[in-house]
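Heads up: the structure comes next, in structure tokens.
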Amino acid sequence: MTAVPAGLLASGAWQRAGPAGRHWVEELPRTFERLRARWSLTPDGEARHGYHAMVQPVRRDGEPLALKVSWPDEDVDSEARALSIWDGRDAVRLLEAAPEDHALLLERASPTRSAQSIRVEDAVPLLGGLLRRMAVPAPDGLRRISDVAGEIRDTLTARWDAAGRPFPPSLAARVEHLAGELSELDDPYLVNRELSYGKVLAADREPWLVISPRAVAGQLEYQVAPLLWTRLDEIGRRTAVLRQFRRLAVAAGLDRDLARSWTVVRAADHLLTGLAAGYTEEPVRCRLLLDTFSGTH
């Protein structure tokens, strides 16, 4: 029977749910055993985990695969839908799904080498290229990025006040205005809102494959800010940030004005979220982006 990794037993999304969470994590070995029998799988190594899921390497007819079971609050339907639409194009293939168990059987990629491990000069155009190549028309039923912008517009002032007004009133007004403009735009593409360097893994079929997507409908420019702020420590200060912004925009074929607007809005939104949660590093990174793209201190 598959052992639950000690790290997941010590910390995970399940802890927020009290007895129901403990029951879920305690049942994981039996859940994996049942799924392996259902899909004719054999174990092929020790299980790994994140905060929201456990993944076991398995094989079927000799093919290396990954069996993933996610915490029930996770949007596994969105992940399965995106992977089905891409059907292996720059992403791991989805072979089976068991929605009742929040489980997916996936093509296996390397669990030890991600785009986070390569230098930022190479990683930025790599992620930009993925962003463009994976842009397909958004199917019906996805959450709309224009609605996210509307929520930011409607809540910004109250959150800014609650956080102690961490940036000038003029910038708060500009963010609110930009969010309002963005809320009026069309949402043409399926966008992976979880596209990140750590979720692009080395693989055999292709050099790099995306894992764990979360599908929304919107503009590709929505994803620029996190692709910058997650590696700002390596990128450097204002001039270097602007250079990587341009390289990302070229690789992904983005509208630079729209990318700037989304970067300002998302940096302000993330800064306020980070302050409310008591984070220390994220607000610093977001302030740098705001200073870089708004020209306001």
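So here's what we get for this one:
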item	result
Residue ID - surrounded by the fewest Cβ atoms within 10 Å (Cβ to Cβ), chosen from residues in segment 273-296 that are aliphatic (A, V, I, L, M) and touching a Ser or Thr at 6+ places or on another chain (Cβ under 9 Å)	Leu290
Subset of segment 174-198 [of a type in the set (S, T, N, Q) and either surrounded by fewer than 17 Cβ atoms within 10 Å (Cβ to Cβ) or in contact with a Gly (Cβ under 9 Å, 6 or more places away or on another chain) (or both)]	Ser183
Counted residues, segment 1-16 - those being assigned to a helix (DSSP H, G or I) and either polar (S, T, N, Q) or under 23 Å from the mean Cα position of the chain (by Cα) (or both)	6
Every pair of residues 6+ apart whose Cβ atoms lie under 8 Å, when the first sits in segment 103-121 and is of a type in the set (A, V, I, L, M, F, W, C) while the second is surrounded by 15 or more Cβ atoms within 10 Å (Cβ to Cβ) and assigned to a loop (DSSP other than H, G, I, E, B)	Leu105/Leu41; Leu106/Val92; Leu106/Arg93; Leu106/Ile211; Ala109/Val92; Ala109/Ala203; Ala109/Ile211; Val120/Arg231
All strands (runs of 3 or more DSSP E) inside segment 193-253 with 1 or more residues being at pLDDT 95 or above, basic (Lys, Arg) and not assigned by TED's automatic domain parsing to the domain that holds Leu288	none
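The values are calculated or read from the model by the stated rules, or taken from the named source; none is laboratory data. Because the structure is predicted, anything quoted here is derived from the model rather than measured. All Cβ positions, glycine included, derive from the backbone under ideal geometry; neighbour counts span all protein chains shown.
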